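Just so it is clear, none of the values below were taken in a lab; they were calculated from the coordinates. Nothing here was measured: the structure is a model prediction, and the numbers come from that model. Cβ coordinates were reconstructed from backbone atoms using ideal geometry, including for glycine residues, and neighbour counts include every protein chain displayed.
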C-alpha cells in the first residue's frame, strides 16, 4: 500500500478528494491539500472530502487545532469538509475538529461511509436536508 497522500479534484462534484494512507503526518496532509487548492482558480469555492478509512494515525487535539488554524485563510473558499472514518476514536476526534473548525469558519462533519458524506457535500447551502453522520453503531462488527 502506498504511503503517499493522494488528492484529486472532482469537477462534477466540485470536491477535492483526499485519500490518506495508514500513517501520515499532518504536515504531509496540509501540503497535499494546499497543493490541490493552488491548482484551482483563486475565486473558486469547493468542498473537501477526506477519506481516512485506512488511517491508523491518532492525533493530539493541539495538532488538529494547529492544522485548522494554518488553513483558516481558506475558510472563505471551502464550502464543507467531510471526513470519512472507520474508528470510533477518529469519529470523536473529527467531531472535536469540527468544533474548532467552526470557530475558524469551516463546516466539518465526520461520516462512516462515502454515500452519507457525498449526500452532505451535495446539500451544501441547502440546510433543509441535513444528514446524520452517526449510524447508531452499525459499523461496529
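So, in nm, how far is label residue 95 from label residue 123 when the simple model puts each one 7 Å beyond its Cα toward the Cβ?
1.8
Taking 0.36 nm per intervening residue step and subtracting the Cα-Cα distance, what contour gain separates residue 86 from residue 58 on full extension?
Difference between extended and current length: 8.8 nm.
Please compute the contact order of the chain in relative form: average sequence separation of alpha-carbon pairs under 8 Å and at least six residues apart, divided by the residue count, as a percent. Display every interim value, and only then the final one.
Values: 218 pairs, mean separation 26.9, N = 141.
Taking the mean separation of contacting Cα pairs over the length of the chain, I get 19 percent.
Give me the base-10 log of I(q)/I(0) for the range 6-122 at each q in 0.15, 0.20, 0.23 Å⁻¹, Debye formula, one uniform scatterer per Cα, rounded to two decimals.
-0.59, -1.15, -1.64
Can you tell me how much longer the chain between residue 27 and residue 13 gets when fully stretched, taken as 0.36 nm per residue apart minus their C-alpha distance, in nm with one decimal? Before the final figure, lay out each step's value.
On the way: separation 14, 0.36 × 14 = 5.04 nm, distance 2.61 nm.
So the chain would gain 2.4 nm between residue 27 and residue 13.
Would you mind estimating how fast the range 1-40 diffuses translationally, via Stokes-Einstein at 25 °C and 0.890 mPa s with the Kirkwood radius over Cα pairs, in µm²/s?
Details: Rh = 10.6 Å.
My calculation gives 232 µm²/s for D.
Give the Cα extents of the range 1-72 along the principal axes, in whole Å, largest first.
33, 29, 16
Compute the separation of the alpha-carbon centres of the range 65-113 and the range 1-23 and state it in Å as a whole number.
Centre-to-centre distance over Cα atoms comes out at 16 Å.
Starting with the highest mean, order 11-18, 54-61 by the number of other Cβ atoms within 10 Å, averaged over the residues of each peptide. Can you show the working numbers first?
Values: 11-18: 15.8, 54-61: 13.5.
Most protected by this proxy first, the peptides run 11-18, 54-61.
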